[in-house]
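Novice: Input: one structure, supplied below.
A short reminder: the numbers here are calculations on the coordinates, not readings from a lab. Quick caveat, the model's predicted, so the values are computed rather than measured. Virtual Cβ from ideal backbone geometry, glycine too; neighbours counted across all protein chains shown.
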Amino acid sequence: MQENTFYNIRHHLHQHPELSGRESNTARFIEEQLQPFAPTKIIRHVGGHGLLAEYFFSENGQTLLFRADMDAVAVQEPDELPYHSQNLGVAHKCGHDGHTTILLRFAQMLHDHPLQQGRILLLFQPAEENGSGSKAVLDTKILDYYAIDRVFALHNIPGAPTSAVLCKEGSFTCAVVSVSIALTGKTSHAAEPRNGISPIPATLHIVEELQRWNNTNIQSDDYFLATIVEIHVGEEAYGVSAGNSVIRATLRAKTDRRLNEYTEKLKHLVIADCENTPGLQHEITWLEPFSANENDKQAVATIKSAALRECFNYVKVENPFSWGEDFGLFTQQYKGAMFGLGAGENCPPLHSPHYDFPDELIETGARVFYSVASLP
């Protein structure tokens, strides 16, 4: 049965997960699965281990890009699944095995039922989890060869009704960035802390200010959440005063503009606190940036029409999801939209050791994609 074929593909991907930037075997397997569906062209090594499959039907019509992510996360999976991960400490706990399989099923639909016109691009994107994949793809300039009209992607949503299509105009997922703030002073004998340069006052003030800036009301335009993930001060040396510290945090807001305002505010805060402690040095490192997914009004209308055409429940969500998604950089450059696909109200949350992508969503996602592609 066709269902079993794609279930088996998804299970194979699940058994052989690879972390961001290391998806070489995944890419080879995807290309093997694409061959029977005869793409017009396959471009390898797109932004690393990414693949771009082109289906050309005619010069008339639109050029649409559909993206699936292909990397896994650093989570140890229990052995409870018959197709559990074979790679220690790595597992598909965000559903990218399912997203990739959806795009492969969509490729089969395009092969078996060609469109009347236009061009479809299927992008299997690497390194979504660390926020580097979309930039790497765009930096290759490969997409510049195509006059892309719209871009589309989906993400499964645990907690939402199975196969429901969730979408909204504007910000669909938040802008997110991680930060590491290293403060370097000078140690001294613990009996003479006055002879050192302590990072502790600045560290405590920066953490306190970050927490004070928080506005956790996702309905507010000024929504901002700073989550401290690590604070480290000094060493386990009882005769030595602390001479360095590290603060690590993630910052998120509904839009790139708002997040940029807070990152600038944080820079000024760190500089001011270091100036208040003469001799204290600082280094700020920004990591894993995710642009907000800004959904285009017309693209959202197309997704809604496709969902209703396929008789799936369409849900207009009121607020963006607070997590980051690397597709955001594409929606900053092209008109398009990301939508959610309900994974079931009892589905474990993303990145949980017990999460597993529901196989029944493969057909749902592929049908919505095909309907989006075939609508005028």
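Novice: Per residue, how big is the convex hull of the stretch 260-373 when only Cα atoms are used? Give it in Å³.
Specialist: Once divided by residue count, the hull of the stretch 260-373 is 161 Å³.
Novice: Compute the helix-to-body angle for 24-34: its Cα long axis versus the longest principal axis of the chain, expressed 0 to 90° and rounded to tens.
Specialist: So the helix axis and the longest Cα principal axis differ by about 20 degrees.
Novice: What shape does the stretch 146-217 have by the C-alpha gyration tensor, where a ≥ b ≥ c are the square roots of the eigenvalues, rounded means a/c under 1.5, and otherwise prolate means a/b greater than b/c and oblate the rest? Can you show the working numbers first?
Specialist: Values: a/c = 4.04, a/b = 2.86, b/c = 1.41.
Verdict is prolate for the stretch 146-217.
Novice: Moving on. Which whole-Hz couplings ³J(HN,Hα) result when phi for each residue of the stretch 226-233 is put into the Karplus expression 6.51 cos²θ - 1.76 cosθ + 1.60, θ = phi - 60°, listed in order with x for Gly and Pro?
Specialist: Coupling constants for the stretch 226-233: 9, 10, 6, 9, 7, 10, 9, 10 Hz.
Novice: To the nearest whole percent, what portion of all C-alpha pairs in the stretch 325-376 is separated by more than 15 angstrom?
Specialist: That tail contains 63 percent of the Cα-Cα pairs.
Novice: Something else now. Pro199: net charge of surrounding residues, Cβ under 14 Å, Lys/Arg +1, Asp/Glu -1, itself excluded?
Specialist: -3
Novice: Let me know the charge dipole size of the chain about its Cα centre in debye, to the nearest 20, where only the beta-carbon of Lys, Arg (+1) and Asp, Glu (-1) is charged.
Specialist: The calculated dipole for the chain is roughly 840 debye.
Novice: Put +1 on the Cβ of each Lys and Arg and -1 on the Cβ of each Asp and Glu in the stretch 85-199; which of Ala147, Gly118, Leu88 then has its Cα farthest toward the positive end of the dipole?
Specialist: Positive-most Cα among the choices belongs to Leu88.
Novice: Could you state the per residue volume, in Å³, of the convex hull enclosing the Cα atoms of the stretch 54-102? List each step's numbers first, then the result.
Specialist: Numbers: hull volume 4.6 nm³, N = 49.
It comes to 93 Å³ per residue, whole-number rounded.
Novice: Oh, and also: Using the Cα atoms of the stretch 172-267 to build a convex hull, what is its mean projected area in square nanometres?
Specialist: Computed as one quarter of the Cα hull surface, the answer is 6.5 nm².
Novice: Can you give the local net charge around Ala253? Use residues other than it whose beta-carbon is closer than 11 angstrom to its beta-carbon, Lys and Arg +1, Asp and Glu -1. Walk me through the numbers on the way to the answer.
Specialist: Values: positive: Arg252, Lys254, Arg257, Arg258; negative: Asp221, Asp222, Asp256, Glu261.
Taking every Cβ under 11 Å from that of Ala253, the sum is 0.
Novice: Okay, moving on. On a 0 to 90° scale, report how tilted helix 256-275 is relative to the longest principal axis of the chain, with both axes built from alpha carbons and the result rounded to the nearest 10.
Specialist: For 256-275 against the chain, the angle is about 20 degrees.
Novice: Run the reach check for Lys168 against lysines, Cα to Cα strictly under 18 Å, same-chain hits fewer than 8 apart removed. What comes back?
Specialist: Lys254, Lys297, Lys304, Lys316, Lys335
Novice: How far is it, in nm, from the label point at Asp149 to the one at Leu81 when both lie 7 Å from their Cα along the line to the Cβ?
Specialist: Placing both labels 7 Å beyond Cα along the Cβ direction yields 3.7 nm.
Novice: Two-decimal Rg/Rh of the stretch 109-240 from alpha-carbon positions, Kirkwood Rh?
Specialist: We get a ratio of 1.17 for the stretch 109-240.
Novice: Along the stretch 336-343, what does the Karplus equation 6.51 cos²θ - 1.76 cosθ + 1.60 (θ = phi - 60°) give for ³J(HN,Hα), rounded to whole Hz, x for Gly and Pro?
Specialist: For the stretch 336-343, the Karplus curve yields x, 6, 10, 10, x, 10, x, 9 Hz.
Novice: For the chain, give the share of DSSP beta bridges that are antiparallel, in percent and rounded to the nearest 5; count only bridges with both residues there.
Specialist: If we restrict to bridges inside the chain, about 70 percent are antiparallel.
Novice: Which angle from 0 to 90°, rounded to the nearest 10, does the C-alpha axis of helix 96-112 make with the longest principal axis of the chain?
Specialist: 20 degrees
Novice: Cα extents of the chain along the three principal axes, largest first, in whole Å?
Specialist: That works out to 79, 42, 40 Å along the principal axes.
Novice: Viscosity 1.567 mPa s, temperature 4 °C: what is the translational diffusion coefficient of the stretch 4-92 from Stokes-Einstein with a Kirkwood Rh over Cα pairs, rounded to a whole number of µm²/s?
Specialist: Stokes-Einstein gives a translational diffusion coefficient of 89 µm²/s.
Novice: Give the calculated FRET efficiency between His232 and Arg257 to the nearest 0.05, with a Förster radius of 25 Å applied to their Cβ-Cβ distance.
Specialist: 0.20
Novice: Rg and Dmax of the stretch 193-233, Cα atoms, in Å?
Specialist: That works out to 14.4, 49 Å for Rg and Dmax.
Novice: Taking the stretch 56-149, how much of its Cα-Cα pair set, in percent, is spaced more than 22 angstrom apart?
Specialist: It works out to 43 percent of all Cα pairs.
Novice: Between beta-carbons, use under 9 Å as the cut-off and find the net charge around Thr162, counting Lys and Arg +1, Asp and Glu -1. Working shown, then result.
Specialist: Details: positive: none; negative: Glu345, Glu360.
Neighbourhood net charge equals -2.
Novice: Residue farthest toward the positive end of the dipole of the chain, with Cβ of Lys/Arg at +1 and Asp/Glu at -1: which of Leu104, Val73, Asn295?
Specialist: Asn295
Novice: Also, I was wondering about something else. Among 38-44, 182-188, 100-106, 317-323, what's the highest-first ranking by average C-beta atoms within 10 angstrom per residue?
Specialist: Values: 38-44: 13.9, 182-188: 19.0, 100-106: 26.9, 317-323: 15.6.
For the peptides 38-44, 182-188, 100-106, 317-323, the packing ranking is 100-106, 182-188, 317-323, 38-44.
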